[in-house]
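The values are calculated or read from the model by the stated rules, or taken from the named source; none is laboratory data. Quick caveat, the model's predicted, so the values are computed rather than measured. Counting neighbours? That spans all protein chains shown, and the Cβs are built from the backbone with ideal geometry, glycine included. Areas reflect the complete protein model, heavy atoms only, side chains present, ligands, DNA and RNA absent. Shrake-Rupley method; radii C 1.70, N 1.55, O 1.52, S 1.80 Å.
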Amino acid sequence: MKLAIAILNWNGKSWLEKFLPMVILHSPQADVFVIDNASTDDSVAFLKSKFPTVNIIINEKNHGFAGGYNEGLKKINAEIFCLLNSDVEVTPNWIAPVLDLFDKDQNIAAIQPKILDYNRREYFEFAGAAGGMIDNLGYPFCRGRVFEDIEKDLGQYNDEAEIFWASGCALFIRSKDFFEQNGFDEQFFAHQEEIDICWRLKNAGKKIFYTGKSSVYHVGGG
């Protein structure tokens with residue numbers, strides 16, 4: 001299945017310089033795109049000079065996370081999108097387990113890998129950890145993180161499991177499902193947009209999954 005990795009960028013040259021080489025190295029089965037959200041630094045010139053194999057899509061203005069992806073993904077032809085934050089370090093063989101899971105069940109719309117903390121590498125990362133859940137009051141939390149309590153990775157989430165929402169920092173999603181939901185709701189300029197689209201996908205009868213067979217390290221949080 002055709003996979004496109006889409007990295008949204010806004011004035012993130014330093015992150016691209018640090019993490020893009022590993023994305024390219026460890027993602028031979030994917031086309032890599034950077035969607036630039038009208039950066040005012042020299043991100044685009046840097047990409048053209050240092051990473052000529054990377055496809056660049058330039059948005060006319062900063063649409064935020066939700067709108068930036070909505071605009072950029074319209075220009076990418078792929079069966080699976082991987083929406084990847086620019087401050088994520090990928091690992092060897094991080095893609096194959098995800099594609100295998102998609103292949104096993106056509107009703108799976110979105111998948112996230114295990115997300116660990118780049119700075120405390122034995123611990124889960126705040127934003128996605130081992131997959132997002134919702135309690136009976138509608139409060140979002142993660143396997144591996146509840147409120148400020150973050151678990152150490154001891155292999156307790158090396159499973160593959162259905163979850164409620166997948167983190168937007170490393171979100172694999174079928175393009176047909178993304179567009180059938182009209183993409184992200186742009187009222188969520190940045191944050192919570194992935195929970196919203198996953199909720200809509202579940203209401204449409206689709207599944208959201210986590211795989212602990214794939215892992216990435218995320219710098220950011222929250």
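Tabulated data for the structure shown
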item: Subset of region 1-38 [among the β-branched types (Val, Ile, Thr) and either in a strand (DSSP E or B) or out of contact with any Leu (no Cβ under 8 Å at 6 or more places or on another chain) (or both)]; result: 5, 7, 24, 32, 34, 35
item: Residue 188 under 20 Å from residue 5 (Cβ atoms), in contact with an Asp or Glu (Cβ under 9 Å, 6 or more places away or on another chain) and either in contact (Cβ under 8 Å) with a residue 24 or more places away in the chain or part of a loop (DSSP other than H, G, I, E, B) (or both); result: no
item: Answer residue from region 179-196, given it is at pLDDT 95 or above and not charged (D, E, K, R) and is surrounded by the most Cβ atoms within 10 Å (Cβ to Cβ) among those; result: 184
item: Among the candidates 165, 199, residue that is of a type in the set (Phe, Trp, Tyr), open to solvent by 60 Å² or more (accessible area, probe 1.4 Å) and more than 19 Å from residue 86 (Cβ to Cβ); result: 199
item: Residue check, residue 35 within 29 Å of residue 100 (Cα to Cα), touching a residue at least 12 places away in the same chain (Cβ under 8 Å) and touching a strand residue (DSSP E or B) at 6+ places or on another chain (Cβ under 9 Å); result: yes
item: All positions within region 96-121 that are more than 12 Å from residue 218 (Cα to Cα) and acidic (Asp, Glu); result: 100, 103, 105
item: Pick from region 138-151, criterion under 16 Å from residue 114 (Cβ atoms) and not in a strand (DSSP E or B), ranking: most open to solvent (accessible area, probe 1.4 Å); result: 151
item: Helices (runs of 4 or more DSSP H) wholly inside region 40-137 that include at least 2 residues being buried (at least 16 other Cβ atoms within 10 Å of the Cβ), at negative phi and without any contact (Cβ under 8 Å) to a residue 60 or more places away in the chain; result: 43-50
item: Subset of region 205-222 that is under 17 Å from residue 102 (Cβ atoms) and open to solvent by 10 Å² or more (accessible area, probe 1.4 Å) - its residue that is farthest from the chain's Cα centre (by Cα); result: 205
item: Enumeration of residues in region 11-32 that are of a type outside the set (Val, Ile, Thr), open to solvent by 30 Å² or more (accessible area, probe 1.4 Å) and within 20 Å of residue 219 (Cα to Cα); result: 11, 13, 14, 15, 17, 18, 21, 22, 25, 26
item: Residue match in region 27-36 (condition: over 28 Å from residue 181 (Cβ atoms) and not charged (D, E, K, R)); result: yes
